[in-house]
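The values are calculated or read from the model by the stated rules, or taken from the named source; none is laboratory data. The model shown is predicted, which means the values in this text are computed figures rather than measured ones. Note: ideal-geometry Cβ built from the backbone for every residue, glycine included; neighbour counts use all protein chains shown. For the accessible areas, the whole protein counts, side chains as well, though only heavy atoms, and no ligand, DNA or RNA atoms are used. Shrake-Rupley method; radii C 1.70, N 1.55, O 1.52, S 1.80 Å.
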Amino acid sequence: MNDNCAPLYLGLDLSTQQLKGVVINSQRHVVCEIGIVFDDEFPEFQTTNGRYVDGDIVTAPVLMWVAAVDLLMGRLAATGLASRVRGISGAAQQHGSVYWRRQGVDAIRQLDPEVSLRQQLGNSSAFAVVNSPIWEDSSTSKQCEELEQCAGSASELARITGSTAFERFTGPQIAKVRATQPQAWHQVSRISLVSSFVASLLVGDGVPIDCSDASGTNLYDIQAGKWSQKLCDSIDPQLVQYLGPKVTLANEIVGQLSPYFAQRYGVASCPVVAFTGDNPSAFAGFESMFAVSGHSAAVISLGTSDTVLFPLDKYPYSLDTQSAAMQHLDGHVLQHPTDPSRYIAMLCYKNGSLARDWVRQRSLGAGSTWTDFSNAADIVPMAPMAFGFYYLSTEILPRAKGVYRFEQHTDGSIVGPSGSTYRQVDRFSSDSTVCWNDARAIIESQIMSMCVDYAHKGSHAMTGVAITGGASSNPALQQAIADILGVPVFATAEQATASVEIKAPAMPAYGGAVRALERLDPVPDTSSTLEPPGSKYILQAVCSPNSDRHGVYAQALADFEFLREFVSQSTTLTCADSSE
């Protein structure tokens, strides 16, 4: 087939700060990437990093997102590739919600290709709430309590929806809109998640929310595969209708591309596959690459916050309140975006790169580099002789705040499960025999926490882990992950004709493009002998575990978990806090 007419697939990702587009061909090579950074492209909205922050209230202007879709499609048209697109899917930041008025839904059904989306939807007063609450909002504590009371308890809410109540989740956010904005609420005709909102714009009609993103609402009964009528009714008897009674898998077609985009930008009329949340979409993209490597998928994203995603073959929560999973309800369980028989566990850690950066500057100096940090951390394991915990912000897993350090000592008063005794210290020991330091301690602490929390929910051993995010290129972190988890570590890379470059790709958008390809062209034509254009995302092995070190960490996990719980249960910061 002539490369100039070969089919292409578009994946989109509407994140907090930008709208990203990735175009792939049938061989999954990336042909084109487009980024629309909100603050740069739309200064008139006066956002900071794509949102408005007012204390605990964090929102984003819906019309800015609308304008970004138009702008990205225009730039796609300018590449000359638009007419070759045969399918579209994508992702968006999780938990955010968009509140359509009836006039808004009517407007996208009859768009005029001569007028911009922003103008048409702005003129029609399309949205009952013009600034949508997003995932960073934490102003809904009252609504969280009410949802847990409706369910019967926090554990029962987790059993039904996969999570205890979280302020950023969509259910509490919807409940707050209804309670605090009654006039706006009376105008609501439909409620979309940000993912289904983008898909609705593309289709020109309201489309179903996908099951995986629905799992981040505190309203979706995961095992039943539908909205919980009881939980939804506790907010409003019409809420199921507003959300859309049908929930879909993320590999199902939800409609055809609106004629608006074909006539305005020359994008071929093509199917739109359901959009999902950014984390499930990224996970699905990684799974497609892990299938090639022969490993099961587990993904660690190392960024401002750290996130761990891994598959579950069965739902971990049950009526048995004494089970290990029901005793450890931290983290989230999501329905798998494309396989209704499987699930994804998601663990979130607030103190990621910002905490590592704090340690770097405090222990090595403000002028130090990340190379200096890696060099300092490149020592033998501190565990089980010493542990550190670094929670500058109140941590999610565990619920704790402050900086704590512990060392084994014969006079220690804290007795771990191994029988070793520990004492709390202000500074780690450093002499001719030991050179413990905070750089090594924070890496071990962060990865050992992931190991402990994985064990609470994971039903089988990992065989490999992919790392992504801004800190994924740090060699000390890479090796610590391998040694503590005991598995090979892979980094995402971009493979061109003559080279392989380690790179953090736009995985949620890439995952969307792959879903569109797999749904619409499951057996692509591979008969061409021409070298496919563009580059390809692959997993590149970067390090393997040291078996001796892994054995040390495995033996130290019980004491580590005990001390972590000790920190969580502490009511006062007897050690130096984050202002030390």
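Computed over the chain, the per-residue total of -39500 (n - 2.57) for DSSP H runs of n ≥ 4 gives a 222 nm mean residue ellipticity of -11000 deg cm²/dmol, rounded to 500.
Could you work out the relative contact order of the chain, using alpha carbon pairs under 8 angstrom and six or more residues apart, expressed as a whole percent?
That works out to 16 percent.
What the Cβ-Cβ distance of ALA461 and GLU114 gives, at R0 = 56 Å and to the nearest 0.05, is a FRET efficiency of 0.45. Ligands, DNA and RNA left out, the accessible area of the chain computed with a 1.4 Å probe is 48% carbon and sulfur.
Computed with a 1.4 Å probe over protein heavy atoms only, the accessible surface of the stretch 114-269 comes to 36 Å² per residue.
Please compare each pair in LYS246/LYS314; LYS142/LYS246; LYS176/LYS226; LYS230/LYS401; LYS230/LYS350; LYS142/LYS230 to a cut-off of 27 Å on the Cα-Cα distance and tell me which ones are over it.
The answer is LYS142/LYS246; LYS230/LYS401; LYS230/LYS350.
When the alpha carbon gyration tensor of the stretch 83-137 is reduced to an equivalent ellipsoid, the three semi-axes, largest first, read 22, 20, 9 Å.
Evaluated at q = 0.10, 0.20 Å⁻¹, the base-10 log of the normalised Debye intensity for the stretch 270-422, with identical point scatterers placed on the Cα atoms, takes the values -0.56, -1.28. Rounded to the nearest 0.05, the FRET efficiency derived from the C-beta distance between ASP378 and SER138 at R0 = 30 Å is 0.20. Between THR371 and ASP548, the simple spin-label model (points 7 angstrom out along Cα→Cβ) gives 2.8 nm. Between the C-alpha center of the stretch 346-396 and that of the stretch 537-563 there is a gap of 17 Å.
The label-point distance for GLN149 and ASP236, in a model that sets each label 7 Å from Cα toward Cβ, rounds to 2.1 nm. Think of a 1.4 Å ball rolled over the protein heavy atoms: the stretch 1-96 then has 34 Å² of accessible area per residue.
Would you mind getting the Kirkwood hydrodynamic radius of the stretch 293-368 from its Cα pairs, rounded to one decimal in Å?
When all Cα pairs of the stretch 293-368 are included, the Kirkwood radius is 14.9 Å.
For the stretch 451-488 and the stretch 186-259, compute the distance between their C-alpha centroids and round to whole Å. Spelled out, the Cα-based centre of one part sits 33 Å from the other.
Over all directions, the projected convex hull of the C-alpha atoms in the chain averages 26.9 nm² in area. Multiplying each eigenvalue of the alpha-carbon gyration tensor of the stretch 62-176 by 5 and taking the square root yields semi-axes of 36, 18, 12 Å, largest first, rounded to whole angstroms.
Between the beta carbons of SER418 and ARG102, assuming R0 = 56 Å, the FRET efficiency works out to 0.30 to the nearest 0.05. Using C-alpha pairs below 8 Å separated by at least 6 residues, the relative contact order for the stretch 345-485 is 25 percent.
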